[in-house]
1. Which order results if TYR334, TYR205 are arranged by neighbouring Cβ count within 10 Å, fewest first?
2. Rg and Dmax in Å for the stretch 88-247, alpha carbons only: what are they?
3. When the Kirkwood hydrodynamic radius is evaluated over all pairs of different C-alpha atoms of the chain, what value in angstrom, to one decimal, is obtained?
4. Are there chymotrypsin sites (Phe, Trp or Tyr not before Pro) in the stretch 362-417 that DSSP puts in a loop and that have at most 16 other Cβ atoms within 10 Å, and which ones?
5. Using the count of nearby Cβ atoms within 10 Å as a rough guide to exposure, how do GLU337, GLU244 rank from fewest to most?
6. Using 0.36 nm per residue, how much length does the chain from LEU157 to GLN143 gain when fully extended, once their Cα-Cα distance is taken away?
7. Within the P(r) computed for the stretch 280-359, what percentage of the Cα pairs occupies the region above 15 Å?
8. Beta carbons within 10 angstrom, averaged per residue: use that to sort the peptides 223-231, 56-64, highest first.
Amino acid sequence: MINLKNYYYQILRNYFKYYVIPNSSILQLGEENGVILEYLEASSGVIIKKSKDSINSYKKKFPNYSFINIDLNNDKINIDKKFDYIIISDVIRDIVDIQYFFNKISNLCNKNTRIIISYSNKFWGPIFKLAEILKIKKKETKQNWIDSDSLKNIIKLSNFEIIKENKKIILPIYFPIFNYFFNNILSNLPIFRNLCLLNFVHLRYKFKERVSHKKVSIIIPTKNERGNIENAIKRIPKFGKSQEIIFVEGNSKDRTYEEILKNIKKYKKLNIKLFKQPGSGKGDAVRCGFKNAKGDILMILDADLTVPPEELEKFYDAVIFNHGEFINGSRFVYPMEKNSMRFLNMIGNKFFTNFLSYSINQNLTDTLCGTKVLLKKDYIKIEKNRKFFGNFDPFGDFDLIFGASRLNLKIIDIPIRYQERTYGTTQISRFYHGWLLIKMSFYALMKIKLI
């Protein structure tokens, strides 16, 4: 039988491996974390430990990583480097002044650094104490059994921002079958989640300065949208250092392609490009547009103009002022125009939004709104790691949301006023596409939530 310690670290390793992208630079804090770092396939790693004896043994076992002997409560962390990830595993309970500790590690963060913290649930304090009395567990020094709300308050005071939270492990001892039921099923259900041994918090350091103006690429997937082309061009407001408008045309039957060519000649002063979609489906069109985009910020605008082009400036500002890194449009905050969305479509959209939000541990109010904005550098990371989920999303929305969630991007919703289509007809098949969405939602549940 696998002992408690080995099973516990196996779960930790699997969790961190999912959220830490291979070939990243990692700072690992904690006495037992060398094994975890090796499992994460880091390009470079620094491990901070208090015990000199453990450092000597780990140096022989892991020659590719640097080891530093630091008392996290008393010593300064003098490392002249910024890291992609900082893993703080089983350390919080040993920290005397947690706010001061966060202030120290802020110097090791850049705008892309992600911090992942694991710490023990306060509920388990008396259980651990009883285990020590019964000599089932090694006796520990006096520890912080901090509650979740108090830690979140300290995080905010230290100018860090919470991206997501998670809870794991109800049964920390290895029992086949029982482990899956308790640790993958029950641990994700209301009430039972509060019994989990481990809390996880994902953070980013919130830099306050404004980002410089960026080049913008606006991708417009089009199929049978001839009557909306010129309106889309005319209504896009001017923002950013520069703009390019990229139409990706999907074999239309109403001469949409010819209409785009005509408007490229008409609006010569604008940087308008046109590409023929290589495959089928909106997701394929978006990926084609992103591949050919030259801008720093990538935007998707649906050619049906149900999301007003004028709203795009709000999305740009959200990125520039660092409010978020993946900006998602939400159609369900403001009242919709009459006939803008069929009743069954609305019910389905809300169901899939709640399902997906639950699966990725981040609150979204609308997962299927076509307008989504992110930095190109982040999209490149999503693209490189797409094989983890597979290229199966014909819409493109889930593909981007899955990728953004795994990268720990800060996802925020921007409310938009959803309008009725004035030209053409919807290309959504509520039953066929609804079945695809159901399959993708359950895929997300198994691939993300139940890891």
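1. Values: TYR334 11, TYR205 21.
Lowest count first: TYR334, TYR205.
2. 23.9, 77
3. Details: mean 1/r = 0.0416 Å⁻¹.
Every distinct Cα pair counted, the radius reaches 24.0 Å.
4. Numbers: sites: TYR379, PHE388, PHE389, PHE392, PHE395, PHE398, PHE402; in loops: PHE389, PHE392, PHE395.
When the chymotrypsin sites (Phe, Trp or Tyr not before Pro) of the stretch 362-417 are filtered for loop state and at most 16 Cβ neighbours within 10 Å, PHE392 remain.
5. Working: GLU337 13, GLU244 18.
Sorted ascending by nearby Cβ count, the order is GLU337, GLU244.
6. Working: separation 14, 0.36 × 14 = 5.04 nm, distance 2.17 nm.
Gain on extension, LEU157 to GLN143, equals 2.9 nm.
7. On the way: 2218 of 3160 pairs.
Result: 70 percent of Cα pairs exceed 15 Å.
8. Working: 223-231: 20.4, 56-64: 11.9.
In descending order of packing, they fall as 223-231, 56-64.
Readers should treat all values here as calculations from the given coordinates under stated rules, not as data from a laboratory. Since this is a predicted model, take the numbers as computed values, not measurements. FYI the Cβ positions are ideal-geometry reconstructions off the backbone, even for glycines, and counts take in every protein chain you see.
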